[in-house]
């Protein structure tokens, strides 16, 4: 019996599809956690857990879409599947949450950045659910640049504007 005859077989509860799905869900949460830490540190209403849950839900819905598309052959011609509708539903759901994070108080609007970062968390979840880890990582990195580096630039510009006034 040579080494070519050996096959690695996982127990039924640890099949590759399940492990891959778990990895995609975990990556969605980890990427979103990075964004949520920023919001948490600033004591915003939607912090680390909120961002992680949004991304987890988006990834889960994306994974369920794969299952629906795979099963569509059994439906016959009576049922049509459109995987893009899941992405549309994620966008609509996250928009609802983001709108809840945005409040108006005494003529000022607050929470727009938190709402936007939750929207990004949803996109990261979809990318992770699709197994597009590089895309999810790049999106996370660019979002961090916006959240951290541009915040410092905003503070400098406001100080300069206040000094000139």
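The values are calculated or read from the model by the stated rules, or taken from the named source; none is laboratory data. Keep in mind that this is a model prediction, so the values were computed, not measured. We place every Cβ from the backbone using ideal geometry, glycine too, and count neighbours over all the protein chains shown.
Table for the structure above
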{"read-out": "Lone qualifier among 81, 62 - being touching a residue at least 60 places away in the same chain (Cβ under 8 Å) and in contact with a helix residue (DSSP H, G or I) (Cβ under 6 Å, 6 or more places away or on another chain)", "value": "62"}
{"read-out": "Residue tally, condition within 17 Å of residue 146 (Cβ to Cβ), touching a residue at least 60 places away in the same chain (Cβ under 8 Å) and either touching a strand residue (DSSP E or B) at 6+ places or on another chain (Cβ under 6 Å) or surrounded by fewer than 21 Cβ atoms within 10 Å (Cβ to Cβ) (or both), over the stretch 34-57", "value": "2"}
{"read-out": "Matching option when the condition is touching a residue at least 12 places away in the same chain (Cβ under 8 Å) and part of a helix (DSSP H, G or I), among 131, 125", "value": "125"}
{"read-out": "Residue among 146, 155, 109, 69 that alone is surrounded by 13 or more Cβ atoms within 10 Å (Cβ to Cβ), more than 22 Å from residue 31 (Cβ to Cβ) and without any contact (Cβ under 8 Å) to a residue 24 or more places away in the chain", "value": "69"}
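For (1) modelled with pLDDT of 80 or more; (2) part of a helix (DSSP H, G or I); (3) within 21 Å of the chain's Cα centre (by Cα), each residue gets a yes or a no:
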| site | (1), (2), (3) |
| --- | --- |
| 45 | no, no, yes |
| 52 | yes, yes, yes |
| 70 | no, yes, no |
| 94 | yes, yes, yes |
| 104 | no, no, no |
